[in-house]
Amino acid sequence: MTYDLLRTLKLTTIFGNPGSTEQTFLQDFPADFTYVLSLQEASVIAMADAFAQVTGRPALVNVHSSAGLGNAVGNLVAAYHGNTPLIITSGLQHRELVIGDPYLGNREATTLPKPWVKWSYESARAEDVPEAIMRAYAEALQPPAGPVYLSIPMDDWKRPLSGFTRVRTVSDRVAPDTERLRGFADRISASRRPALVFGPDVDRAGRWDGAVALAEKLRAYVYGAPLLDRASFPEDHPLFRGPLGMSVKTISDRLTGHDLVVVIGAEVFRYYPYVPGDYLPAGTELLQITGNPGVAAAARVGDSLLGDPKLAVELAPGHGR
């Protein structure tokens, strides 16, 4: 049933480093599936991360329980910050033995990958595994996209299931509130010397060309967001003014002279190290457009608008000015 579901979801490429508790999942492996084997779980996550970013679809990962999942956590940090949709599964010892803390028991399995997964789950019943896969797919794909984790006891795969028909589709974009977006557009239009800060979510949303068009329309300087994991604006463009910097003081100094800063698809800001200073120069306001509620809530300054960066740029009245 699970293989049929994965086939429907087009999750037929699996990246992994399995052990004994994963063998029951891999028995009778379908001929139309591909298993990409790596010698260590950190590499498994890295390969799946690249695959998901290139294809734009969630990637399925199968790692060994306990220490194997632990090996994967380091690269989960990058996948989490990079909003990469990964569905990570690991095996667990037989349910009959788990209460006695057996070898490969993966103690508190759902806790181990936190906080670097959006959702972590172990089914209460074997019959729920396909539905857990379905929810994992939805959780990984919906904004903000990111990795999720499922712990699956090895004997669950041997339990019969007559069928699973609740296959669902989900959206991967959230439209911004049009009234608030109109207010943002008015403030941008009234700005005398705006600056743009494009983050990685702009490129993820397929708005590289839109970012260039917006900058040119506003005749605004463009700065690179701190610690970009992917570029969203050409660095040889005459409006590009280089990276913004990282410390509170450096960023504030760089933004001096701009009356409005518009941050699209990025955090406000990813600071390091701590160098005291003003979060914004005197007389400078900040607007943030992000599809990530957590990123919006964590911003130290400015007004935020929740919404997909691509849709926000496209729906903005007059596309800026």
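The values are calculated or read from the model by the stated rules, or taken from the named source; none is laboratory data. Computed from a prediction, not measured in an experiment: that's the story for all the values here. Quick reminder, even Gly has a Cβ in these numbers, built from the backbone with ideal geometry, and neighbours come from all protein chains shown. Side chains included, ligands, DNA and RNA excluded: accessible areas come from the protein's heavy atoms. Shrake-Rupley method; radii C 1.70, N 1.55, O 1.52, S 1.80 Å.
A few remarks follow.
- Residues whose placed amide H lies under 5 Å from that of V262, excluding near-sequence neighbours: A195, L196, V197, L287
- A simple rule links phi to the HN-Hα coupling: the Karplus curve 6.51 cos²θ - 1.76 cosθ + 1.60 with θ = phi - 60°, which for the range 91-104 gives x, 9, 4, 3, 4, 4, 9, 4, 4, x, 6, x, 4, 6 Hz, with x for Gly and Pro.
- Ordering D186, D155, D303 by accessible surface, largest first, gives D186, D303, D155; the 1.4 Å probe counts only protein heavy atoms, with every chain in place.
- Kirkwood Rh, angstrom, the range 153-196 [1 / mean 1/r, Cα pairs]: 16.1
- Aspartates and glutamates with Cα under 16 Å of K114, excluding same-chain neighbours fewer than 8 positions away: E122, E139
- Sparsely packed trypsin sites (Lys or Arg not before Pro) within the range 87-186, loop by DSSP, other Cβ within 10 Å at most 15: R107, R125, R166, R168, R173
- Relative contact order (percent, whole number), the chain, Cα cutoff 8 Å, 6+ residue spacing: 14
- Here the alpha carbons of the chain define both size measures, Rg and Dmax, at 22.4, 69 Å.
- Integer Hz, Karplus 6.51/-1.76/1.60 couplings in order for the range 152-163, x for Gly and Pro: 10, x, 5, 7, 4, 5, 8, 7, x, 9, 6, x
- Long-range amide H partners of L305 with built H, under 5 Å: Q288, I289, T290
- Rounded to 10°, Cα long-axis angle of helix 129-141 versus longest principal axis of the chain: 10
- Size descriptor for the range 206-253, Kirkwood hydrodynamic radius: 11.4 Å (Cα pairs only, one decimal).
- Computed accessible area, M246, all protein chains, 1.4 angstrom probe, square angstrom: 60
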